[in-house]
Each structure stands twice: as C-alpha cells, then as structure tokens.
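Here's the structure we're looking at; comments come further down.
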Amino acid sequence: MSEAHAGENFSAKSLIIIVLLSIVGLVLFLVLIAKLANSGMQVDAGGPTMTNEAVIARIQPVGVAKLDESGPPGSRNGKAVYENVCLSCHGAGLAGAPKFADTAAWAPRIAQGFAKLVEHANKGLGAMPAKGGAADLTDDEVARAVAYMGNAVGGKFTEPAIAGAGAVAAGGKVDPATKGKEIYASVCMACHDAGVAGAPKLGDKAAWAPRLKDGVEAAIKIATAGKGAMPAKGGYSGSDEEFHAAAEYLINASK
C-alpha cells in the first residue's frame with residue numbers, strides 16, 4: 001500500500017509541475033508574439049524622422065504637378081514665389097509661420113501694413129531668414145509673394161508690376177533704365193559692384209574707357225559671348241535682348 005501511495009504522490013507532483021511549466025510556457029509564448037507584433041513599431045517622438053518637416057514630406061501625394069513659373073530673375077509672380085519658396089513653411093505653419101489662408105493668424109500681420117510685411121520678409125524675422133532663405137529673389141518678387149499670401153486672407157495688396165516683356169522703350173527695345181537695371185541688380189552686380197575677378201566696377205570710368213574704345217555695341221558683343229572669368233551673358237539665362245539692356249545700363253552709368 002505504501003508503494004502505491006508513493007506512486008500516486010509522484011504522479012500528482014509530476015502533473016502539477018507539467019501544468020505550471022505549461023502556464024509559464026504559454027505566458028512566454030504570448031510575450032514573444034507581442035514583441036514580434038510590435039517589432040519595428042517603436043516611435044521616438046523626438047527623433048529626426050518625426051519632425052513636422054519629415055512627416056509632411058512623407059504624406060505628400062504622389063505625382064503632384066507644379067507649374068514652373070520661375071523665369072529669369074525678377075520675373076516671378078507672387079504665386080510662383082510662394083509655391084517654390086514660401087510653401088515649405090507657410091503651407092504647414094512651421095516654426096510659427098502663419099499658415100496660408102489662415103485668417104486668424106494673418107490678421108495682426110495684415111494690420112501692420114504691406115510695407116512692414118515686405119520689410120520683415122526681405123530682412124527676415126524670428127525663425128524666418130531673409131527672403132525666406134532664397135537669396136536669389138529680388139525685393140519685388142518677395143513683395144509679390146507677400147501680396148499673394150496677404151490677399152488670400154482678405155488683404156488688398158497690389159503685387160509690384162513685372163517689368164518683363166512690358167518693360168520696353170519706344171521702338172520695342174527692352175528699356176535699360178527699368179528691365180536692364182533690374183537684371184543688373186539681380187545678376188551683374190555680384191561682380192561689377194565690387195570689381196570681382198577683374199570686372200570693371202559700376203561707375204568706374206577709367207576702368208571702362210579701354211573697354212569702350214571700339215564702341216558700346218562692340219563691348220556688349222564681347223560680354224554676350226563671355227570673356228576671361230566672365231561667362232556668356234554673365235551667367236544670365238534670359239534673352240539676348242534683356243542682357244543687352246542690362247549691359248547698356250551698366251555702361252551708361254560708367255561713361
């Protein structure tokens with residue numbers, strides 16, 4: 001009887017151990033499944049992939065078409081400047097930028113007046129760098145973008161006129177005093193204001209005299225083709241007629 005009783009006790013203990021091991025195994029199995037289900041799903045809210053900019057970039061629709069209205073310097077309208085430069089911050093309200101078409105956010109800014117808004121945009125304010133970080137924009141292009149954004153929330157601003165094809169003098173010639181001056185300020189001044197790489201400075205009659213000995217048109221022809229450190233048309237991508245006007249402006253101010 002004692003041997004039978006001992007065998008029963010052993011069987012009972014074995015059964016209990018097997019049950020306990022089964023429970024522990026089941027718990028471990030469930031924990032393992034949970035970890036596998038969540039693998040790769042841990043999110044660091046402060047990580048670089050979770051910034052506003054990164055999230056916005058990921059959720060952009062595929063195949064968005066954008067009209068290229070870049071054009072030569074000074075010719076971009078407010079909408080084109082907004083879409084190519086300002087949208088990156090004003091589209092989502094990043095770094096405190098007032099969101100496009102957000103009337104409440106723009107109201108106190110509109111109240112400051114167009115001139116003050118343009119001044120802030122050109123010089124930079126707070127987290128916004130000068131000209132939104134696009135140093136190649138002209139002051140008028142920045143003003144057009146300000147007008148475009150302001151008018152979207154009820155502003156009554158007027159975009160500065162684009163002196164492109166309309167900036168012609170009598171006889172259909174591009175006007176050096178308007179379009180030529182604008183191109184000079186956007187492109188040529190980078191070298192000719194400071195005399196970089198031997199470029200004759202604006203208004204320096206002594207430096208310009210030998211270059212004009214064969215006449216204005218001969219000098220402009222050389223500049224159009226490029227010479228020395230100066231690339232063709234000084235790197236200007238617009239028409240020959242517009243570059244001619246810029247060269248005339250520079251030469252007229254240096255005779």
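The values are calculated or read from the model by the stated rules, or taken from the named source; none is laboratory data. All values reported here derive from a predicted model rather than from experimental measurement. Virtual Cβ from ideal backbone geometry, glycine too; neighbours counted across all protein chains shown. Side chains included, ligands, DNA and RNA excluded: accessible areas come from the protein's heavy atoms. Shrake-Rupley method; radii C 1.70, N 1.55, O 1.52, S 1.80 Å.
When restricted to Cα atoms, the stretch 107-150 yields an Rg and a Dmax of 9.7, 29 Å, respectively. Using a probe of 1.4 Å, the accessible surface attributed to L15 totals some 110 Å² when neighbouring protein chains are kept in position.
Semi-axes of the equivalent ellipsoid for the stretch 68-126, please: Cα gyration tensor eigenvalues, times 5, square-rooted, ordered largest first, whole Å. Show your work: numbers first, answer last.
On the way: eigenvalues 87, 42, 22 Å².
Working from the Cα gyration tensor, I get semi-axes of 21, 15, 11 Å.
Remark on the stretch 118-255: Rg and Dmax equal 17.3, 56 Å (Cα only). For the stretch 88-169, a Kirkwood hydrodynamic radius built from all Cα pairs, placed in the Stokes-Einstein relation at 25 °C and 0.890 mPa s, yields a translational diffusion coefficient of 185 µm²/s.
The three principal axes of the Cα atoms in the stretch 180-255 give end-to-end lengths of 29, 24, 23 Å, sorted in falling order.
A straight line joining the Cα centroids of the stretch 140-164 and the stretch 203-255 runs 33 Å. Taking amide hydrogens as placed 1.01 Å from N in the peptide plane, the amide H of V174 sits under 5 Å from those of A169, each at least 5 positions away in sequence or on another chain. Given the pairs K173/K201; K179/K227; K173/K221; K131/K179; K179/K255; K99/K179, which are separated by over 27 angstrom at their Cα positions? Check vs 27 Å cut-off fails for K99/K179. Remark: accessible surface ordering of E217, E159 (largest first) is E217, E159, probe radius 1.4 Å. The amide H of G74, built 1.01 Å from its N in the peptide plane, has T138 as neighbours under 5 Å, considering only residues 5 or more places off or on other chains. Across the stretch 181-196, rounded Karplus estimates of 3J(HN,Hα) from the backbone phi angles (6.51 cos²θ - 1.76 cosθ + 1.60, θ = phi - 60°) give 5, 5, 5, 4, 5, 8, 10, 5, 5, 4, 10, 7, 6, 10, x, 5 Hz, Gly and Pro being marked x. Within a Cβ distance under 13 Å of V216, other residues only, what is the Lys/Arg minus Asp/Glu net charge? Neighbourhood net charge equals +1.
Once backbone amide H atoms are built at 1.01 Å from N, M128 has no partners under 5 Å, excluding neighbours fewer than 5 places away on the same chain.
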